[in-house]
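Worksheet: one structure, shown below.
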Amino acid sequence: DSGVTQTPKHLITATGQRVTLRCSPRSGDLSVYWYQQSLDQGLQFLIQYYNGEERAKGNILERFSAQQFPDLHSELNLSSLELGDSALYFCASSDPGNTDEQFFGPGTRLTVL
Amino acid sequence: LAKTTQPISMDSYEGQEVNITCSHNNIATNDYITWYQQFPSQGPRFIIQGYKTKVTNEVASLFIPADRKSSTLSLPRVSLSDTAVYYCLVGEYRNNNDMRFGAGTRLTVKP
């Protein structure tokens, strides 16, 4: 158990809909990262937050957005969903002042029908 | 960001030592090399990190030559449970905000 929790574990929705994925980092970790993993594209970095502020942005679509709240939990919002958005979405957290190690959550499996 | 190149897949047998090499020709002076392991439908898990020469922990060793343009992850006496995807990443130490996972190396351990 990495200490990172993600909800929900599974999510099935229809094209055009909007969903919110939630992540709670390990206690004390200030950084939260979001990744997308689909079968044909491997693990793709989406975005990173540090103590509530966006720090780095990767291959995140404009239909996707994220935020980190004062209690350090984070949410990833996916809108106007398309079939190709079906994937595993991982959240990771770290304490970047002390280590490079990122601790990954169990993931949310999103299926868009 | 330094680009990394790894073999797409490798096969091994139980009890053998497995060496997975990663090329990172454009590694910068402040960059460290980190390896992660990922089992199906699970998030990646940190294995080992190093800067130069050799690093060893309870699960693996990491060999980095003097020019640092490559690195080799060594898994001693693999078992079936070591079947996983292994990712090599290169980034600035304690400032590795943008971790780029490549395709990784899919290791299959056979009985």
* Structure fact -> Across B:36, B:13, B:87, the residue with the highest GNM fluctuation in chain B (Cα network, 10 Å cutoff) is B:13
* Asked: So what's the gap between the Cα centers of region A:53-113 and region B:70-86, to the nearest angstrom?
  -> 28
* Per 10 Å bin, what percent of the C-alpha pairs of chain B does each bin hold, from zero upward? -> 15, 50, 29, 5, 0
* Summarise the partner chain shielding of A:97-110 as one whole number: the mean count of Cβ atoms from other chains within 10 Å of each residue's Cβ. => 4
* Structure fact -> For the protein assembly as shown (alpha-carbon point model, no solvent) the Debye-based log₁₀ I(q)/I(0) at q = 0.11, 0.15 Å⁻¹ works out to -0.55, -0.99
* To do: Treating only the Cβ atoms of Lys and Arg (+1) and Asp and Glu (-1) as charged, compute the dipole magnitude of chain A about its Cα centre; round to the nearest 20 debye.
  => 320
* For region B:27-86, alpha-carbon Rg and Dmax in angstrom -> 12.4, 37
* To do: Among B:29, B:53, B:72, determine the one that fluctuates most according to a GNM of chain B built with springs between C-alpha atoms less than 10 Å apart.
  => B:29
* Asked: Which whole number gives the average, over all residues in B:38-44, of C-beta atoms from other chains lying within 10 Å of the residue C-beta?
  -> 6
* Gyration tensor over alpha-carbon atoms, region A:40-95, equivalent ellipsoid semi-axes in Å -> 21, 13, 10
* **Choice from A:31, A:93, A:65 with maximal GNM fluctuation in chain A (Cα, 10 Å cutoff)** => A:65
* To do: Compute the FRET efficiency between residue A:54 and residue B:23 as 1/(1 + (r/R0)^6), taking r as their Cβ-Cβ distance and R0 = 30 Å, and round to the nearest 0.05.
  => 0.40
* In peptide A:80-91, what is the residue-averaged number of other protein chain Cβ atoms found within 10 Å of each Cβ? -> 1
* State the three equivalent ellipsoid semi-axes of chain A, derived from the C-alpha gyration tensor as the square roots of 5 times its eigenvalues, in descending order and whole Å. => 23, 13, 13
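Throughout, read-outs are computed from the coordinates displayed, never taken from laboratory work. Being a predicted model, the structure only gives us computed values, none of them experimental. With ideal geometry, Cβ positions are generated from the backbone for all residues, glycine too; neighbour counts draw on all protein chains shown.
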